[in-house]
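Let me begin by presenting the structure, written as structure tokens, before commenting on it.
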Amino acid sequence: MTRLRSAALVGNPNAGKSALFNALTGARQKIANYPGVTVERKSGRLILPSGEPVELTDLPGSYGLHPTSPDEEVTAKVILGQFPGESAPEVLVIVLDASNLEQHLVFAQEVIALGRPTVVALNMVDLAERDGLVLDPKALQEALGVPVVPTVAVRRRGLDELAAAIAVAEVRAAIDPADHHQPHTNLTERRLTAHAVAEAAIISETRRHRMHAKLDRVLLHPWIGPVILFALLFVVFQAVFAGATPFADALDGGVGWLHDGVKGAMAPSLARDLLTDGIIAGVGSVVVFLPQIVILFFFILAMEASGYMARAAFLMDRMMAGVGLSGRSFIPLLSSFACAIPGIMATRSITDPRDRLTTILIAPMMTCSARLPVYAVIIAAFIPNRSVALGIGLQGLVLLALYVAGIVGAMVVALILRRSITKGAASGFIMELPKYQMPRLKDLAIGLFQRAWIFLRRAGTIIFTVTVVLWLLLNFPRAADGRDQIDASIAGHIANGLAVVVEPIGFNRDMSLALIPAMAAREVAVSSLATTYAVGAADDDESNRALGAQLARRWTLPMALAFLAWFVFAPQCMSTIAVTRRETNGWKWPLFMLGYLFALAYVAAGVTFWAATAAGL
Amino acid sequence: MTLDLLPLGQNARIIAVAWDQLVDEEAQRLRALGLDAGAKVSVAHRGVFAGSDPLAITVGRMTVALRRVHARAMTVEPA
């Protein structure tokens, strides 16, 4: 008997596969991409009763072996052993939602008919019972011809039995691989069989008022539903921006402490400056956004696990349809307000490739948290802190206008793209609304840890590299004694060249110099301006205030407004470009994104500058 | 009567679907979700604000969101 090496979970979306996967493998999971496609490959170690480990893969949810999305294509190919570089899983574990048996049996029959070693996990039997549905696993096992194990993943019920069945499935298969082969059937036949099998497996069914129907009556109400959604979004934004501040400050303090500590411990040298001013300051400026990203993802994961996310997509579909997108684009765009990187990664759930591409291309226009430091400094320096009316401050109003400008810009671009470059078949919206469920804390924790790790890994690689390159550009060649280092550096020369280009939109040389390091991350523009104006304050806040005074003296109001308008659109974030390249599998779309966003930024800044000048500001 | 016109909460059965009115991928997706001739359906929710798009259709023990264009391709018979 050969040792069992691999198994995979397959099933419809919303069958509770991920919760079962977490319960079976624990927190030790590997997340990667299937080569050549942007579908996540999740795998972990399942321990069999014999103590032997098996690699368990969580295949993307699917409705059938005839794929209608990139996710489903991966699932079909992996199951059939046709995915390059992936061997077919030795045991297939079909996960069925007990309370949605008839629907889920359609795909299950297709998988069982392959004749491979198969086990069925009849999952979420507790929720089915809550809905008044009592099932007979034995009858189901008879009808399907493969072992059926009732499970409740979130309560760890039936997990040992399932592991035992997986181990035995291998032995049966080794004796007779064609044990339970069934002839191929078409969809209508499978549906009729599914109906008959599901009916036969029901012991008793009492029509209770189902909880999710009651909740939906409120949450999907045509008027109350959107109000609740917007109230919830307000809470999320509050938490992301206000709740993260103490943690971000603590991280910032930690980075500062490390910076000063290393600076004090090492003899002055270029290598020390590279380590402190280059690497620690550069990578640190990105790592401080970790609390915001964790808080945002906490809400997103909780909304997803509870089943509310699909309702949010439902409520927003009408509005998104107005610009040629669907409700599915709403979540990625919402995430992009914290950071475009998780937003662009979240577009994977959009089934239509044209919808997905459009959403990726407009995601950078959502005002991400990295723009806030830039906005904050410029607004504080140029916009008087006075009330317009009813306690509404002028500064806050300008900030709001910048957010709205980004949203409106994104909507207009989406509208144009869907009628030109990403034109295609009617963008539909077809989505299962899953049952509501209490999210389990452990599943949320695992998800949060994974997102945080992906973010940190990126900061450790891409941002690290860019930071070092920029530091080198700013520090070489060395200036003669008493001369300004920035003037002498390669970056300084580039800025001189760039100044010619941005002069028509009102930017001076200092501004164009700030744009260069800000290519790595927008917030770097602030520290770059601070360096240029030689403000030697240690504390960030203090330097901001001092910087504000410098800016107010050296820039005019139209210049400042043009600078703000530039940052609404400019794609100044290497990580976004890198993640776009990865998600679209090539340089074509990231380059297109760079091109059109810079063009937009240039026009917006120019129009702002000349309009403000003409208005005599 | 087509599904988009079915009154809220009224049970019905799909008697025919004009698949040729739909994009292939969407047709396949709807069929995979069980929205096919013979399915018992009802409209659980319709529209946001004053609009009438999208719709939430109950099919078996599942709720599926779709747009009016899809529902219009499905002929139903109140049951």
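Please treat every number below as a calculation from the coordinates, not as lab data. Model, not experiment: these values are computed from the prediction. So basically every Cβ, Gly included, is an ideal-geometry build from the backbone, and we count neighbours across all protein chains shown.
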Contour minus Cα-Cα span, A:Glu205 to A:Gln238, at 0.36 nm per residue, comes to 7.4 nm
When A:Tyr34, A:Tyr63 are ranked with the fewest other C-beta atoms within 10 Å first, the list becomes A:Tyr34, A:Tyr63
For A:Lys42, counting only aspartates and glutamates whose alpha-carbon sits under 16 Å away and dropping same-chain residues fewer than eight positions off, the answer is A:Glu55, A:Asp58, A:Asp71, A:Glu72, A:Glu73, A:Glu86, A:Asp443
Ranked on Cβ counts within 10 Å of their own Cβ, fewest leading, A:His259, B:His45 go A:His259, B:His45
Projecting the Cα atoms of A:Pro49, A:Ala98, A:Gln141 onto the charge dipole of region A:6-205, where Lys and Arg contribute +1 and Asp and Glu -1 at Cβ, the residue farthest towards the positive end is A:Pro49
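Could you list, in their original order, any pairs among A:Lys77/A:Lys423; A:Lys442/B:Lys40; A:Lys214/A:Lys442; A:Lys214/B:Lys40; A:Lys435/B:Lys40; A:Lys435/A:Lys588 whose Cα atoms are separated by more than 30 Å?
Working: A:Lys77/A:Lys423 28 Å; A:Lys442/B:Lys40 38 Å; A:Lys214/A:Lys442 27 Å; A:Lys214/B:Lys40 20 Å; A:Lys435/B:Lys40 19 Å; A:Lys435/A:Lys588 40 Å.
In this structure, A:Lys442/B:Lys40; A:Lys435/A:Lys588 lie more than 30 Å apart at Cα.
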For A:Ile416 and A:Ala614, extending 7 Å from Cα along the Cα-Cβ vector and measuring point to point gives, in nm, a value of 2.0
Whole-Å distance linking the alpha carbon centroid of region A:503-531 with that of region A:230-272 is 21
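Dipole of the protein assembly as shown, Cα-centred, from +1 at each Lys and Arg C-beta and -1 at each Asp and Glu C-beta, to the nearest 20 debye? Please list the in-between numbers first.
On the way: 61 positive and 56 negative charges, 145 e Å.
Around 700 debye, computed over the protein assembly as shown.
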Bridge orientation stat for the protein assembly as shown from DSSP, antiparallel percent rounded to 5, came to 65
Where a ≥ b ≥ c are root eigenvalues of the Cα gyration tensor, a/c under 1.5 meaning rounded, otherwise prolate if a/b exceeds b/c and oblate otherwise, the protein assembly as shown counts as prolate
Lys and Arg at +1, Asp and Glu at -1: neighbours of A:Pro590 with Cβ under 10 Å from its Cβ sum to +2
Here FRET efficiency (C-beta to C-beta, B:Glu77 to A:Thr465, R₀ 56 Å, nearest 0.05) is 0.30
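Over the Cα atoms of region A:6-205, what is the Rg over Rh ratio if Rh follows Kirkwood? Each step should come with its number before you reach the end.
On the way: Rg = 15.7 Å, Rh = 16.8 Å.
Checking Rg against Rh, the ratio lands at 0.94.
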Out of B:Leu8, B:Leu55, B:Leu22 - ranked by how far each Cα lies towards the positive end of the dipole of region B:3-78, with unit charges on the beta-carbon of charged residues - the top one is B:Leu8
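At 222 nm, what helix-only mean residue ellipticity would the protein assembly as shown give, in deg cm²/dmol to the nearest 500, using -39500 (n - 2.57) for each DSSP H run of four or more? Before the final figure, lay out the partial values.
Working: 31 runs with 368 residues, N = 696.
That comes out to -16500 deg cm²/dmol.
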Dividing the mean separation of Cα pairs under 8 Å (6+ apart) by the residue count of chain A yields a relative contact order in percent of 10
Taking a crude spin-label model, label points 7 Å out from Cα along the C-beta direction, the A:Lys442 to A:Ala32 distance in nm is 2.6
In degrees rounded to 10, the 0-90 angle between helix A:441-458 Cα long axis and the longest Cα principal axis of chain A is 40
Label model pair B:Ile15, A:Leu187: point-to-point distance (7 angstrom along the Cα→beta-carbon line) in nm is 2.2
